[in-house]
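First comes the structure, then the notes that go with it.
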Amino acid sequence: MNLDDYGLINLVIAKEEIESFDFGEIYNFLLSAKDNPKTYYNKLNIIVYGYDNDNRELYEISEVRTYLDFLDKSFPYWFYFINLDIPKSHSFLSVLITCLCKLEFIGPDVNGTKTVEFSIEDQKNFILNHFGFMNEIMDQHNYPEKEIKRRSQLILKIVT
Amino acid sequence: MTPYQKINFSIFSKVIYNAWPEKVFNRLLNIENVKSFYNASYKDFEKQLHSELNKYHPASWILEAYKQIELWTVIYYEIKTDQISGSIQLAPIGRYGWRYVIEVSIERLNTNFSFSSLKPTEESMNNVLTILAGMYISSEYSNYLHFLDKRLQSAQLVFSPRLFMGDPLLSESEKLFFNRIKDSISSETDWTGVEHVSPNNDLTKNKVNELLINNFSISIDEIHLIITSIINGISSITNASITVQPLDDFVDLINIISRLSKEKIISFINLAFLNYKNPQYQSRDFLRKSQQIRMLHFAGVLLTLENNYNSIYDDYSAKRPDVLSAQHHIIISPTLLAEWLDMFIIKLVLGQRTDLKQIESLKKPIADIESFYRINIFESEVKKIMEGFNFKCFNLKKVNGKDIDCGEIDIIGFSTKLNAIYIVECKALSPIIDARSLGQVVNDHYIQKKYHAKFLKKIKWIKDNLDVVKLLFQERFNIAIPSDVLINPFFVTVTDSTLDIIEDSYNIFTFYGFKNYISNELR
C-alpha cells in the first residue's frame, strides 16, 4: 500500500519515543494541526513503528497502550483529523480503539489467528467521547450537517 | 558554564499520567480534584527524587547540589559574568530545590545508606533538576489553590504533556485575580531612597551585631573578614569559587589569614553551616513547617565523612594525609556566605529565624530586635510619613489608665485638610516570595494571628468611641474634630503583602504606597 496515494501527512511514533514516554515532537505537531484544523481535515495518519519483530499485536504491548492512552487524553480529536480513506485494517483509529479499550479475552493462536474480545462498554465510550471532540471542531468551523453525518458514518464503519 | 537545566519532559509526562485520576478522561473539574492532582504529583516526584538520590553517595550529592546553588545564585541575582549563564526562570527552583537535596542528603549521610556509584551522572543531575522543578510547580499550585480556594473556584485542568508548564484553567475574572497575585509576589521592593526603613538598615544591623558579639563572639565586620579571607586566601589561589576542605585545616587557614581566634571561627561555623551534629538539629519531616533547620538558613555545609573521600575531593586531594585523617569537612562559597549574611540580618529582624528563637538564651535578644525594627523603625517611619503631610498622630494603648479592649492601635492620625481620621495598623510581615509564604501571610491574617479580625475590632472601637478619640485629639493637639469627620482604616506593611488583592474591606498598602496614596489624596 502506498500511503502517498492518499495525500496524507504521516506521523511516525517510534518505539524509542514510546519507551522513553516522549511526546515532544508528535504533540507539537498535533497542536499546530489543531490551530489550523481545516488544513489538516482528514489528512493525518499515524504509524507506530519499531514493533515489527515483536510477535505481539500492538494492543498486547502495555507500553504502547499507555503511550496511546496518554496521547489520546492529550489530543482526542482523531475523528476529525484522521484520514478515513485508508482501509480499516491500516487505519490508526483501529489501532487506537484496540489499544484503548480493555482486553476482555485473548484466545490461543490457531494457525496465526486469535480470537480477541474488547470491552463493549469501553468501545461505546470511546466512540461517543471522540464524536464529541470531532463535533466540537466541526461546529466551530461551521461544517454542514451533511458532512458531519457522512464522516460519522465512515468512522463507525472503521471502529465497529 | 551553565547549571544543569535540561528538563526531561518524559519525567513530567509519567507523573501527569500516574497522578491523573483513572476515571477522568481529559478534563479535571472541581478545585478539590485539581488540588489532589497536584498533591499526588508532588508525592510521585518526591518518590522519584529519593530513588534518584539513593543511586549515588550522599556526600557527592551535597557537593553537586552546592555547586548548583552557587551557579543558580549568580543567575538569580543577575551578577554580570561571562562565565555563567542559565535560565532566570529556573533560578528560584534551582536555588530552593538544590538546598532541599542537601537537606535530604545530609540526613542520608548520617544513616545507614548504600549507593551504586559515587558521583551522579549528567543525566541524573538533569533528572533531579526536572524532579525539583516538578515538586516546586506542584507544591506552588497546590498551595495557591489551598490558600486562595474561595477565589479560584473555577480551577480546572486539561490533560496535556505541557500541564506543568502553565496555570490551571480559570474563569476570566479569576484569571485576572490570579495574575495580579503572581505579579505581586514577583515584585521586589526598591529600597532606593528608603534604605533606612529596610530590615537591614544601619540601626538594626547594629542590633544584630550586638547579638552576634554577645552570643556567638563574632561581629558582622569579622564575618566580612572571614569572607575576604576565603576570597583572597583560598579562592584566589585555588581558582575555585567553592572551597571543600577538612574542617580543622579550614579553621587553621582562616585563623592565619584573618588573625581571628579559632574559637571565633568555630563559633561562626556553628552559626552559618548546616551541620547534622548541631544540637539544634532535628530529623525532619519536610511536610511539617515546624521544622526550621533548613539549608535556607545556612551558608555552608559541615559534614562528617570518614571514607569515600572521592565523593567530595578530587583524586589527588582524596589521598592527602590531612584529608584521610579528617572526620569533618566543610563546603563553603564566599558568594553564598555574603548572601547568607544579608539574609541572616533580614530574617532575624523579620522574625523568620524561628530555629534560633528556640534557643533559650536567644529568645529575648531576638524578640528585642524584632520589636525594635517594628516600632522604632517601621511604625516610626509610617508616623513620620503622616506627620510629613501635617497629620496629627498618636499611638493609643490606654484610655484613662486602662488598656483599651480592642488592643493597641499603632497610629491614629487626623488631617484637617482631608477632614479624616486614619486608623493605621503597621505590620512588618515577612516578604512573600512564593505561594507557600503567601499562604503563611494569608493564614496569619485571617486564622492563626487573626490580624484581620483584630483590625476590624480596632476600627469598630474607634467608630464606637469617636467622642473619646475626639477628646484625645483635643487634649493632645488642641484640635476640634468636626462631627462629619471621615474614618479611614489602613493596614500598612513593609513589603508588598499581596493582601491588598485579597482583602477589600480596608486599604492595604506598603509604607511607600501609603505615602503615594496620601500625597494623591491631598492633591
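The values are calculated or read from the model by the stated rules, or taken from the named source; none is laboratory data. The shown structure was predicted, so the numbers you read here are calculated from the model rather than taken from an experiment. With ideal geometry, Cβ positions are generated from the backbone for all residues, glycine too; neighbour counts draw on all protein chains shown. These accessible areas exclude ligands, DNA and RNA; they are computed on the full protein's heavy atoms, side chains included. Shrake-Rupley method; radii C 1.70, N 1.55, O 1.52, S 1.80 Å.
How big is the accessible area of B:Met1 in square angstrom, nearest 10, if you roll a 1.4 angstrom probe over the protein chains?
150 Å²
Which value in deg cm²/dmol, rounded to the nearest 500, describes the helix-derived mean residue ellipticity at 222 nm for chain B, given -39,500 (n - 2.57) per DSSP H run of n ≥ 4 and division by the residue count?
-15500 deg cm²/dmol
At 0.36 nm per residue, minus the direct Cα-Cα distance, what do B:Asn33 and B:Asp167 gain on full extension? Give it in nm, one decimal, please.
Gain on stretching B:Asn33 to B:Asp167: 46.7 nm.
Roughly what would the spin-label model give for B:Asp504 and B:Tyr77, points 7 Å off Cα along C-beta, in nm?
Between B:Asp504 and B:Tyr77, the simple spin-label model gives 4.1 nm.
Excluding same-chain residues fewer than 8 positions from B:Lys119, which lysines have a Cα within less than 17 Å of its Cα?
B:Lys55, B:Lys67
Leaving out same-chain residues fewer than 8 places away, which lysines sit with a Cα under 21 Å from that of A:Lys15?
A:Lys73, B:Lys14
For a test of the definition: using alpha carbon positions, the gyration tensor, and the 1.5 limit on a/c, classify the protein assembly as shown as rounded, prolate or oblate.
oblate
How many angstrom lie between the Cα centre of region B:378-392 and the Cα centre of region A:99-149?
72 Å
Place a point 7 Å from Cα of B:Val468 in the direction of its Cβ. Which residues in region B:398-424 have their backbone N less than 13 Å from it?
The answer is B:398-409.
Past 18 Å, Cα to Cα: identify those pairs from A:Lys102/A:Lys124; A:Lys102/B:Lys23; B:Lys417/B:Lys460; B:Lys347/B:Lys427, in the order given.
Exceeds cut-off: B:Lys417/B:Lys460.
Where the centre of each part is set by its Cα atoms, how far does region B:331-358 sit from region B:85-134, in angstrom?
Result: 22 Å between the Cα centres.
Can you tell me which of B:437-443, B:324-330 comes out highest on packing, and rank the rest after it, using the mean Cβ neighbours within 10 Å?
Top of the packing list down: B:437-443, B:324-330.
Would you mind computing, in nm to one decimal, how far apart the modelled labels at B:Asp149 and A:Thr115 are, each placed 7 Å from Cα along Cα→Cβ?
5.3 nm
Hey, if we sort B:Glu103, B:Glu64, B:Glu360, B:Glu387 by accessible area with the 1.4 Å probe, largest down, what's the order?
Result of the area sort, largest leading: B:Glu360, B:Glu387, B:Glu64, B:Glu103.
Quickly rank B:236-244, A:126-134 as a protection proxy: mean count of other C-beta atoms within 10 Å, highest first.
A:126-134, B:236-244
When only DSSP loop residues count, what trypsin sites (Lys or Arg not before Pro) in region A:78-138 have their Cβ near at most 15 other Cβ atoms within 10 Å?
The qualifying sites are A:Lys102, A:Lys114.
Which positions within region A:24-70 get 40 Å² or more of their accessible surface covered by the other protein chains, compared to the chain by itself, with a 1.4 angstrom probe?
Buried by the other chains: A:Tyr27, A:Phe70.
Hey, rough spin-label estimate for B:Asp368 and B:Asn520, points 7 angstrom out along Cα→Cβ, what's it come to in nanometres?
4.2 nm
Compute the normalised compactness of region A:80-160: alpha-carbon radius of gyration over 2.2 N^0.38 Å, N being the residue count.
Cα-based Rg divided by the globular estimate yields 1.27.
Can you give the direction-averaged projected area of the convex hull of the alpha-carbon atoms in region B:367-523, in nm²?
9.7 nm²
How much net charge surrounds B:Ile185 when only other residues with a Cβ under 14 Å from its Cβ are counted (Lys, Arg +1; Asp, Glu -1)?
-4
Hey, how many Å between the Cα centroid of region B:425-498 and the Cα centroid of region B:63-84?
42 Å
Among the trypsin sites (Lys or Arg not before Pro) within region B:177-276, which fall in a DSSP loop and have no more than 16 other Cβ atoms within 10 Å of their own Cβ?
Hits after loop and neighbour filter: B:Arg259.
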